[in-house]
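One structure below.
The values are calculated or read from the model by the stated rules, or taken from the named source; none is laboratory data. Predicted model only: the values in this text are computed from it and were never measured. Cβ placement follows ideal geometry from the backbone for every residue including glycine, while neighbour counts extend to all protein chains displayed. Calculation scope for accessible area: heavy atoms of the full protein, side chains included, ligands and nucleic acids excluded. Shrake-Rupley method; radii C 1.70, N 1.55, O 1.52, S 1.80 Å.
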Amino acid sequence: MTRTRRALAALALALLSAACGKEGSPPVKGPEPEALPVYRVDTSFRLPDSPTWNRAKQRGYLVVGAKEDQPYLGEKDPATGVYSGFDIEIARMTAASLGFDPATVRFRTIASANRETAIQNGQIDYYVGTYTINDNRKKLVGFAGPYYMAGQSLLVRTDENDIDGPQDLAGRTVCSAAGSTPYQRIEADYPQAVLVAYDTYSICVDNLLTFQVDAVTTDDTILLGYAAKAPDELKVVGKPFSQEPYGIGVPRSDNALRFAVDDALEANEKDGDWKKAYDATLGLSGVPAPRPPAIDRYPAS
Ligand code: GLU
C-alpha cells in the first residue's frame, strides 16, 4: 500500500467507527441549535379527512421516515440517537403546522429501496429523505412539495483525474443506493459503467475511500456533504446531470394529508423558516440558499 492508500484506509475506518459510535471517534458535526428556527405549533389544527393524521393524533406523535447517514440532510447522532439536518427540519416544520410538537416527532431510518413499502404499510406517517418525485413512484405513494431541487452528480477521490461526468464511467466501477433514481439513470443511460449497489451511500463512500469503487453517484446535495466532511480525500466533479425534485412521501390515497403538507411547506417558505433551516443545515456544505421550487399541488386521482 502507498502512503495515501494507507491514510485513506485509516480514514475509512475512522468514518466507519464514527458511524458505529465507538469511543474516540470524532463527534458528528451538526447544526448549531441556536441557528435553527423555532416552529410554532398550530394547536388548533384539525384534519378529520386524513386517516394518517387521525391515527397520529390518537397515538400522540408523528412517525417520520428519514435517512441517518447523509451529512447536513439526515444524520443520526450515534451517541444520542438524535436526528439532524435539512430533511429533519422539513419534517419538524411540517409537523408543527399539522399540530404536532416537533420535539415529539419519532424518526425511523428507512433506506431508499424500502420507502414505498414503509409508506404503504403504515410503518411511518410520512417520509422526508432526499426523496425524488417521479411518475413511477407516484403510482405507489403521494408527494407533497417539491421543497428543494437537487441534481445527480459524481463523487471521486481527490487523486482521480479521469472522471468528470457520467460519460467517463465506461469500464469504471460506480456505486449507488439500490432503488434510487441515480442508480436507475446510470443503468439505463450509461450501460458501459460497472454498477455496484448498496443499501446506503455511506457504504458506497467507504468503498470509494478503500479503492473498491471508482466513483459514487447520487444527488449533489448528498455528495457535497460527504466531500465537505473529508475535503482532502473526496471531491464532487462535473455538473449535475438530472433534476431531482425532493418531495414528502405520503400514503397515496391520503390527499387531505398531502394538501395539508403542501400548505405547511408554503407557509414555512413564506415566513422565512425554510431559509433559516436551510442556512443552518444544508447551507453548511457550501451552497447558498436557492429559491425553493414551486409547490406542485397535483389533483387527486
Ligand atoms: N433523490 C434520489 C432518489 O430519491 C437519490 C437519493 C436517495 O436515494 O435518497 O432516489
Worksheet item: Across the stretch 217-244, what is the number of residues that are under 15 Å from Ser112 (Cα atoms) and either more than 16 Å from the ligand (Cβ to nearest atom) or not polar (S, T, N, Q) (or both)?
Response: 3
Discussion item. With the requirement that a residue be open to solvent by less than 40 Å² (accessible area, probe 1.4 Å) and either of a type in the set (Asp, Glu) or away from the ligand (no atom under 16 Å from the Cβ) (or both), what does the stretch 151-189 give you?
Written reply: Val156, Arg157, Glu160, Ile163, Gly165, Leu169, Thr173
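Out of Gly129, Gly122, report the one residue that is open to solvent by 10 Å² or more (accessible area, probe 1.4 Å) and assigned to a loop (DSSP other than H, G, I, E, B).
Gly122
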